[in-house]
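Asks: Take a look at this one; I'll ask things after.
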Amino acid sequence: MKYKLIIDKDAEEEIIAIVHAPSELTQQIEDLVCNFSGADHIMGYRDDEMRKLSFGEIECITVLDRKVIAIDTNGNRYAIRERLRDLESVLPSYFIRINKSTLANEHSIRRFDAVFSGGIDAVFACGYREYVSRRCFSEIRRRFEGK
């Protein structure tokens with residue numbers, strides 16, 4: 001396989017991949033190219049602090065007390081001013097919906113635990129737990145088993 005990168009500030013950006021057959025790698029490349037918005041962070045607010053949160057350090061984005069909150073790898077919570085549905089179109093494809101009010105970084109999910117009530121919780125690297133809806137779990141299972 002060959003790789004070639006040409007940087008030309010005057011040319012229109014274009015990505016061409018020539019392959020023998022589609023594969024998981026070609027699908028990942030297509031997802032990356034189609035979902036890339038140019039942004040790699042969102043702004044988070046906590047107390048008197050305003051901070052750039054890179055997508056990689058965000059474990060999940062959820063709605064708590066009618067506010068959109070991002071939880072980072074240390075378990076810190078930051079208020080986000082964008083709506084959840086607006087963020088869904090900006091975030092990379094590795095952010096998956098796990099219930100009606102939560103988007104999760106699939107790389108940060110450590111395990112799924114069955115709970116006494118019959119549901120399933122996603123447990124993140126920072127220790128935060130969030131309910132996974134049955135509707136979303138089948139898609140999540142397919143993504144995780146496909147890897």
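Asks: Only one of (1) assigned to a loop (DSSP other than H, G, I, E, B); (2) touching a strand residue (DSSP E or B) at 6+ places or on another chain (Cβ under 6 Å) fails for residue 52. Which number is that?
Replies: For residue 52, the failing item is (1).
Asks: In addition: Which of (1) crowded, with 16+ Cβ neighbours inside 10 Å; (2) assigned to a loop (DSSP other than H, G, I, E, B); (3) of a type in the set (Gly, Ala, Ser) does residue 17 not meet, given it meets every other one?
Replies: Condition not satisfied by residue 17: (1).
Asks: Continuing with the same structure: Would you check if there is a residue in region 118-135 being more than 17 Å from the chain's Cα centre (by Cα) and of a type in the set (A, V, I, L, M, F, W, C)?
Replies: yes
Asks: Given the structure, is residue 29 over 13 Å from the mean Cα position of the chain (by Cα), surrounded by 13 or more Cβ atoms within 10 Å (Cβ to Cβ) and not in a strand (DSSP E or B)?
Replies: Judged against the criteria, residue 29 is a match.
Asks: Still on this model: Does region 105-147 hold any residues that are among the hydrophobic types (A, V, I, L, M, F, W, C) and over 23 Å from residue 90 (Cβ atoms), and which are they?
Replies: Once the filter is applied, which keeps residues that are among the hydrophobic types (A, V, I, L, M, F, W, C) and over 23 Å from residue 90 (Cβ atoms), region 105-147 yields 112, 114, 115, 116, 120, 123, 137, 144.
Asks: Looking only at region 61-81, decide whether some residue is in a strand (DSSP E or B) and touching a residue at least 60 places away in the same chain (Cβ under 8 Å).
Replies: yes
Asks: May I pose another question? If you scan region 94-117, which residues turn out to be assigned to a loop (DSSP other than H, G, I, E, B) and under 17 Å from the mean Cα position of the chain (by Cα)?
Replies: 94, 100, 101, 106, 107, 108
Asks: Continuing with the same structure: Tell me the residue from 23, 54 that is touching a His at 6+ places or on another chain (Cβ under 6 Å) and either within 30 Å of residue 100 (Cβ to Cβ) or not hydrophobic (A, V, I, L, M, F, W, C) (or both), please.
Replies: 54
Asks: Take the residues in region 136-145 that are crowded, with 16+ Cβ neighbours inside 10 Å and within 15 Å of the chain's Cα centre (by Cα), then tell me which one is nearest to residue 118 (Cα to Cα).
Replies: Taking the candidates together, the pick is 136.
Asks: Here's something else I'd like to know. Here are the criteria: (1) surrounded by fewer than 18 Cβ atoms within 10 Å (Cβ to Cβ); (2) within 30 Å of residue 16 (Cα to Cα). Tell me which single one residue 49 does not satisfy.
Replies: All conditions are met except number (2).
Asks: A further question follows. Would you tally the residues in region 58-83 being closer than 18 Å to residue 123 by Cβ and not basic (Lys, Arg)?
Replies: Residues flagged as closer than 18 Å to residue 123 by Cβ and not basic (Lys, Arg) within region 58-83 amount to 14.
We did not get these values from a lab; they are worked out from the coordinates using the rules stated. Model, not experiment: these values are computed from the prediction. Counting neighbours? That spans all protein chains shown, and the Cβs are built from the backbone with ideal geometry, glycine included.
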